[in-house]
Structure formats: C-alpha cells, structure tokens
Amino acid sequence: MNNEPSNENKIRLETIDLSVFYGQNPGVKNVSLQIFDKQVTAFIGPSGCGKTTFLRALNRMHDLTRGARVTGKALIDGTDIYDPKIDPVTIRRKIGMVFQKPTPFPTMSIYDNVVAGLKLVGIKNKSLLDEVCERSLRQSALWEEVKDRLKTPGGSLSGGQQQRLSIARALAVEPEVLLMDEPTSSLDPQSTNRIEELIGELKHQVTIIIVTHNMQQASRVSDNTAFFYIGNLIEFNKTTKIFTNPDQKRTEEYITGQFG
Ligand SMILES: Nc1ncnc2c1ncn2[C@@H]1O[C@H](COP(=O)(O)OP(=O)(O)O)[C@@H](O)[C@H]1O
Ligand SMILES: [Mg+2]
C-alpha cells in the first residue's frame, strides 16, 4: 500500500488581495482565494458583481483591456502570474479560457480551429497535429460527431457543438487550468447537459473554474463555490456547504432567491 498524500487539497492557483480597477472604479476588491487542483470551482453572484472581472485577472486577460489595472497577487503553482519576466502568452497557455459565446473561427475548418494554438507557435508536424486534434476532440466529446468532416467550417456546427469545439481548442495546448465564463448561457438545455457532463469528465485532467449565474448548475458541477457580491468575495467553501448551510447572511439570501 502506498502512502502518497492525497492531492485533494493541493493548491493550483491562489490570489492574495487581488483587485481589478477600471479607471478609478474597482471591478473586484481584495479577493484572496485558493483554487484546488483537479477540482471544479464555481463563481456565483448577481450580474455585475465581478465574476468575469476576477476570472480574467487569473490569466492576464486585463493586459488587453484599456484602462484596467490589477493589484495584489495571483500565483500559479506558487509562481507570480504578473511577474514582469513572465510572458502573458505562456500564462494563457497554462490557463486556458472558454467564453460565454462559442468562439470558433467560422470559416476555418474544424481541424484548423482545434490546432490553431499549436500552429500559432510554429508546430507544423502533420502527424502531431492530427494526434492533438483527435485527442482534443475526444476530450471535448465532439470526436464521434465530427470525425468524418474535419475539413468542414467550424461555423457549420450547432451552437452546442461550437462550444465543445471552443473547449477542444482550449484543451489542445494542454492547459493546467481551464477558465469557463458562463459557457452554457447561450446553449439549449440538451447542449448545456452535455457541457456539464463534460466538465465532470475533464476535471480529472484539468483544474476548472466556471462562472455561472445558474445556481443549479453550480451545485451540479462544482466541488467548491465562491459567492461574489458588488465586487467582494463574500464566502468561499465546499459547494455542499454553500448551498445547504452558508456562513454569511448575504449568501443565504442569494441562494434562496431573495435577490438576483
Ligand atoms: N471593460 C470594463 N470597463 C469598465 N467597467 C467594467 C468593464 N468590465 C466590467 N466593468 C464593471 O465591473 C463590474 C463587474 O463586472 P463583471 O466582472 O462583468 O461582472 P459579472 O461577470 O459578475 O456580471 C461592473 O460594475 C461592470 O460594469
Ligand atoms: Mg460576467
């Protein structure tokens, strides 16, 4: 019998007093949070409370937002994500992102959509690209549906398939963390189910953070939940605890639907 410690509580990502300002206005304030390895963490809270703002701070997406400024610390495996010596492109490979609306390049083939990130860094080896394409599409549960038409445009797929294609593209560069910002908000219930199942499968390989305004979704897919309200992290705990016996009154009011 081996005595290896369980990795259940291994910290993959951590923020310490992280704030994001848009000009003078804070989008989120002093958030200290730990994201555990190979678990699903949900960010919940009413519209405008800072979920997207905080999520984007985790892979330096605000570098691309004019007027946005990040203070405090964000660490991946103990390394400062905002260290000036670190290339933000490297960070975004380690910490991939899937957006609210599916983002395939509509006229580009399914195949090229998946391997776009690899081609961008100069990988041309066809058998390697083939391998990554198949692996990523299998991981995103799309392979069986598209394997016979990899050359057709990404835009020819249904919305739910396009979102799985976006996930395949994010997975192709083998990220350690996948950030998902309301990934099912534009999808029908059946496609939503499919993505939720997929999250359950993927979490064995990759650490997942999902922003959702759908509390049932958070309780179905996540291990841990962070509740945000007007730019503040109000409460962070195991999902079962947040949804059955939260510590904070605000959390309880939110999860019982007293405000939206
Ligand atoms: N690019 C931006 N410029 C200025 N303010 C922004 C920008 N993006 C978001 N905000 C503001 O930051 C706050 C948090 O927004 P956001 O993170 O989008 O919330 P959520 O994702 O929880 O709905 C809101 O007050 C919003 O208006
Ligand atoms: Mg948002």
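The values are calculated or read from the model by the stated rules, or taken from the named source; none is laboratory data. Predicted model, so just to flag it, every value in this text is computed and none were measured. Using ideal geometry, Cβ is built from the backbone for each residue, glycine included, and neighbour counts are taken over all protein chains shown.
Identify, please: which residue in segment 201-232 is part of a strand (DSSP E or B) and more than 12 Å from ligand 1 (Cβ to nearest atom) and is, among those, farthest from Val28 (Cα to Cα)? Ranking the qualifying residues of segment 201-232, first place goes to Thr207. Taking the conditions (1) crowded, with 21+ Cβ neighbours inside 10 Å; (2) under 16 Å from the mean Cα position of the chain (by Cα); (3) over 15 Å from Gln100 (Cα atoms) in turn, Gln205 satisfies each one other than (1). Which condition number in (1) more than 22 Å from Ile76 (Cα to Cα); (2) in a helix (DSSP H, G or I) is the one that Leu171 fails? It is condition (1) that Leu171 fails.
Scanning segment 43-73 for residues that are touching a Gly at 6+ places or on another chain (Cβ under 9 Å), over 29 Å from Ile255 (Cβ atoms) and more than 10 Å from ligand 1 (Cβ to nearest atom) yields a total of 1.
Restricting attention to segment 16-73, the residues being at pLDDT 95 or above, within 16 Å of ligand 2 (Cβ to nearest atom) and either under 13 Å from the mean Cα position of the chain (by Cα) or among the β-branched types (Val, Ile, Thr) (or both) number 17. Restricting attention to segment 238-253, the residues that are in contact with a strand residue (DSSP E or B) (Cβ under 7 Å, 6 or more places away or on another chain) and either part of a strand (DSSP E or B) or closer than 20 Å to Asn9 by Cα (or both) total 3. Note on segment 159-175: residues that are in contact with a Leu (Cβ under 9 Å, 6 or more places away or on another chain) and among the charged types (D, E, K, R) total 1. Scanning segment 187-223 for residues that are in contact with a Gly (Cβ under 6 Å, 6 or more places away or on another chain) and either touching a residue at least 60 places away in the same chain (Cβ under 8 Å) or among the small types (Gly, Ala, Ser) (or both) gives a single hit, Ser191. Of the residues that sit in segment 226-260 and are within 16 Å of ligand 2 (Cβ to nearest atom) and touching a helix residue (DSSP H, G or I) at 6+ places or on another chain (Cβ under 6 Å), which one is farthest from Ile209 (Cα to Cα)? Of everything passing the filter in segment 226-260, Tyr229 is farthest from Ile209 (Cα to Cα).
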